[in-house]
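The values are calculated or read from the model by the stated rules, or taken from the named source; none is laboratory data. A quick note: this is a predicted structure, and the numbers were derived from the prediction, not measured. Cβ coordinates were reconstructed from backbone atoms using ideal geometry, including for glycine residues, and neighbour counts include every protein chain displayed.
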């Protein structure tokens, strides 16, 4: 096929055993959906559109990543994943070939099917109030793709995770990709921007342009962003909506699950990083999403930035210190032009001040890591705040037994402390590590740095350090083994 496939007349593209449903961004192998990330789908669509022609690497990158600078290795990683997903090379099937020093070509025969086009002729221009996305979403193709496939099948999906992990970014990208699916539109409400005195149900109905009775037939997606801001009110409204509007889907972002009926939740993990045992190879480092994001954002601020072999160790250490959190990585990368990599790495142990220069157009809680953590910390009870402060004395993972021994005090009695720590974990302020033995808790570096600053202000830091040291000494003497704490 030598000409560009007309996607306006084709609704399904067939090749090999696969059917690529363009509007739904779905690939079926028979009746089985193929697991594939959004970026891989973008690459595949560009190549299949131009089946039989060579697409230069530079053109492919420009079409798939139109608003960011991307290394060629990033393209190669996605091409490799795409080939694996399609089974390229298995049973004699070939789809994508590399043309040395040039680009890639889709070589399998492609058949267009426009018979199903009538299904889409009645579609209106998508209705929505989603904000314009200023930067590409890095490292979330698989997660976003999974959520896009799940949303039409569930009534309530809550996206959870730590401060700065990108819950809103993921949810907004999912909402964008579902615009054509929901007949009555996709509508976002950012609860952090709504005054506490505003009745939340009234705000929802105004946004959806309907009364409660009218919602019974509406096929729409409602994105409730930053549920933590008005958690109790949000739970009540969600329960009302789920009962009154059977065709309404709700996508929420929160530090913790809403814990209402029909809820499914998805935790957003940090971006990926190479294992500490990995070497200083650029190719290997660029195969991980935390490094890809750092390099992309550094180039946005310093156009001639290139990660050299001797820079890999510093970049990896910076990304590890930032726990692979997208917001923290973006804020750090913005300082590369002012501090250079060496200076930025040197600043990492000195608190959150270096993570304080976000986009002025961003909402306040995304303009610094301090503000993002303030947002979470200020919504804790006094006991939870005190426990978080005191737990910052643990530099590594710790058991509940260790926490009870070191941080308990008259205000944090052991009988209540276990429940408080579990609550902090539910709110994504502690990471739970499940192993063969007793579970452990761990605080992300950015959270620990924030909590430590609060502890120092309280004047209890020195005493807690002494208690921690004494506890470790007792355990080592009793067991003769090293204890992580």
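Below is a table of values for the structure above.
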{"read-out": "Helices (runs of 4 or more DSSP H) completely within segment 279-323 that count 1 or more residues being more than 22 Å from residue 446 (Cα to Cα)", "value": "282-285, 289-301"}
{"read-out": "Subset of segment 258-278 [in a loop (DSSP other than H, G, I, E, B) and in contact (Cβ under 8 Å) with a residue 60 or more places away in the chain]", "value": "258, 260, 262, 268, 269, 270, 271, 272"}
{"read-out": "Flag if residue 428 is at positive phi and within 23 Å of the chain's Cα centre (by Cα)", "value": "yes"}
{"read-out": "Meets criteria (touching a helix residue (DSSP H, G or I) at 6+ places or on another chain (Cβ under 6 Å), modelled with pLDDT of 90 or more, assigned to a helix (DSSP H, G or I) and farther than 21 Å from residue 416 by Cβ) for residue 373", "value": "yes"}
{"read-out": "Subset of segment 79-110 (residues that are surrounded by 19 or more Cβ atoms within 10 Å (Cβ to Cβ), assigned to a helix (DSSP H, G or I) and free of Cβ contacts under 8 Å to residues at least 60 places away in the same chain)", "value": "79, 82"}
{"read-out": "Selection from segment 1-28 of residues that are in contact with a helix residue (DSSP H, G or I) (Cβ under 9 Å, 6 or more places away or on another chain) and modelled with pLDDT of 80 or more", "value": "12, 13, 15, 16, 18, 20, 21, 27"}
{"read-out": "Of all residues in segment 208-233 being closer than 17 Å to residue 178 by Cβ and buried (at least 17 other Cβ atoms within 10 Å of the Cβ), the one that is farthest from the chain's Cα centre (by Cα)", "value": "218"}
{"read-out": "Segment 29-49 residues that are part of a helix (DSSP H, G or I), paired with ones that are at pLDDT below 75 (beta carbon under 6 Å, 6 or more apart)", "value": "41/25; 49/4; 49/5"}
{"read-out": "Matching option when the condition is over 23 Å from residue 369 (Cβ atoms), touching a helix residue (DSSP H, G or I) at 6+ places or on another chain (Cβ under 6 Å) and in the same structural domain as residue 140 (by TED's automatic domain parsing), among 312, 260", "value": "260"}
{"read-out": "Meets criteria (at pLDDT below 90, surrounded by 13 or more Cβ atoms within 10 Å (Cβ to Cβ) and either touching a helix residue (DSSP H, G or I) at 6+ places or on another chain (Cβ under 6 Å) or at negative phi (or both)) for residue 205", "value": "no"}
{"read-out": "Search result, residues across segment 162-182 that are surrounded by fewer than 22 Cβ atoms within 10 Å (Cβ to Cβ), touching a residue at least 60 places away in the same chain (Cβ under 8 Å) and not in a helix (DSSP H, G or I)", "value": "180, 181"}
{"read-out": "When residues of segment 29-60 are limited to those that are within 22 Å of the chain's Cα centre (by Cα) and modelled with pLDDT under 85, the one surrounded by the fewest Cβ atoms within 10 Å (Cβ to Cβ)", "value": "35"}
{"read-out": "Counted residues, segment 140-173 - those being over 24 Å from residue 425 (Cβ atoms) and within 11 Å of the chain's Cα centre (by Cα)", "value": "5"}
{"read-out": "Test: residue in segment 321-341 that is farther than 20 Å from residue 139 by Cβ and buried (at least 18 other Cβ atoms within 10 Å of the Cβ)", "value": "yes"}
